[in-house]
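Read-outs throughout are calculated quantities, based only on the coordinates presented, and are distinct from any laboratory measurement. In this text the structure is predicted, and so the values were computed from the model without any measurement. Don't worry about glycine lacking a Cβ; one is built from the backbone with ideal geometry, like all the others, and counts go over all protein chains shown.
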Amino acid sequence: MNPYELTIGQARTELDAGKLSSRELTESCLARIKEVDGDIQSFILVTEDEALQQADAADKQIAEGSVEPLCGIPLSMKDLLCTKGVTTTCGSKILENFVPPYDATVIEKLKKQGAVILGKVAMDEFAMGSTSETCAFNIPENPWKKGYVAGGSSGGSATSVAGMECLGSLGSDTGGSIRQPASLCGVVGIKPTYGRVSRYGLVAFASSLDQIGPLTRDVTDSAMMMNAISGYDRRDSTSVEQDVPDFTSSLTEGMQGLKVGVPREYFGDGLDSEVASVVEKGIQILKDAGAEIVDVSLPHTEYCVAVYYLIASAEASSNLARYDGVVYGYRNQDADSLLDMYKETRSQGFGSEVKRRILIGTYALSSGYYDAYYKKASQARTLILNDFKKAYESCDLLLSPVTPTPAWKKGEHADDPLALYLSDILTISANLAGIPGMSVPGGFSSDGLPIGIQMQGAHFREDVLFQAAYNLELGTKIANKCPTVG
């Protein structure tokens, strides 16, 4: 077995036993990147020199004993997490040369543990997209089938893990941007409860929806990474001062005493039959593990897409107003006036999807339309949250598909953005409600494409999700199954 094929848990054992050094592990991942990234296009930037320096420092820590769980582990980072001295582009030309003067809190925490950061991976521009095709640089390829999308917006995170270029990655999830690519690429992805993980240093898309979380090859690795990045941060006003349990302690066999809710609205028209079959098998696995299966209803699900795209676009309009060419980022140098400079900078720096959402959001916030759109969407959001609160009175977690279909061909929805928006219907509700959601590999389509199973829990009950995910993983027996690439 090549070192890059190890899970985080396996690598931790090898590193601690002295059978493998962090430098050897890191060099193996870097060689893997050189071998396959030309095909799957995960990375925007590989920080080879810095990674090797971090690996050498980790080896010294390991030799001294008493190291943290992620010490010496090579990881990739979605390119909207600020990294001191290393470009952070958000997949956009407008930030092509932006070098942050500080690290995001999650980056600080990983560095403190001694983790090795291999570089920054591709994403939809400013996290606006469901396929990573809006990235201004590399467009990730699904490692399981050439010509198919990797999902988005954390597509590069998913492909770098599935393609075994790294042992784990951090992504962000605004409306499914961790769970959906995790499902389409056959890896584990979790969106924590809003406020569980600090957003300080995350370049904002929609501030009330964004949340950072890990993508890994198995559930144990996901729990290890969640342990490392969770916790209160005074620099983030939305961070919640809540105790963080050891998530690895939830990885126990058996589901006795737990109730799993199946929301009927998530199994309607448009759900691919193979996706439905995989999810039904997942339900049976948890039932066999001792869980009680109950039927629940989330009656306002039909409004989720409209509510999400109004709120997210409105917040994007506000957040992206700062990119005007004055302080940092791209600036048009040929404008004849200040107004022209603003207009040309934003016209040339932003891609079409980002412009579309800025226009939608600006319209929804404009005088005379605020009450009809943004305010009404915010009120409907409360109804969606109440649906979940009521559901959790009768169950401990919800189980459903992640996406209505497996991965589709690249470019298939290039001229139909609404079709992409509707594909998010099963994931965006967790962001609107602020609850944790998780995608775990469940099976494969007849074309060999991965299909994930989604679990959603009550606020700050990631521990219940990890218990269910671990049992699901035991039942499917496909953990750490990776595609043949290179």
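Worth pointing out:
- Using only Cα coordinates, the Kirkwood hydrodynamic radius of the range 104-165 works out to 12.3 Å.
- Note on residue 327 and residue 342: the extension gain reaches 4.2 nm, defined as 0.36 nm multiplied by sequence separation minus the Cα-Cα distance.
- Restriction of the chymotrypsin sites (Phe, Trp or Tyr not before Pro) in the range 229-288 to DSSP coil positions whose beta-carbon has at most 16 other beta-carbons within 10 angstrom yields 232.
- Cα shape, the range 354-486, gyration tensor, a/c 1.5 rule: oblate
- Taking each of 409/481; 34/109; 111/389; 120/355; 93/376; 60/84 in turn, the alpha-carbon distance tops 30 angstrom for 111/389; 93/376.
- Measuring nothing but how far apart in sequence close Cα pairs (under 8 Å, 6+ apart) lie, relative to its length, the chain scores a relative contact order of 18 percent.
- Each 5 Å bin from zero holds the following percent of Cα-Cα pairs in the range 159-206: 5, 19, 30, 23, 16, 8, 0.
- The range 265-385, relative contact order in percent, only Cα pairs under 8 angstrom and at least six apart counted: 31 percent
- Sorted ascending by nearby beta carbons within 10 Å, beginning with the fewest, 16, 246 become 246, 16.
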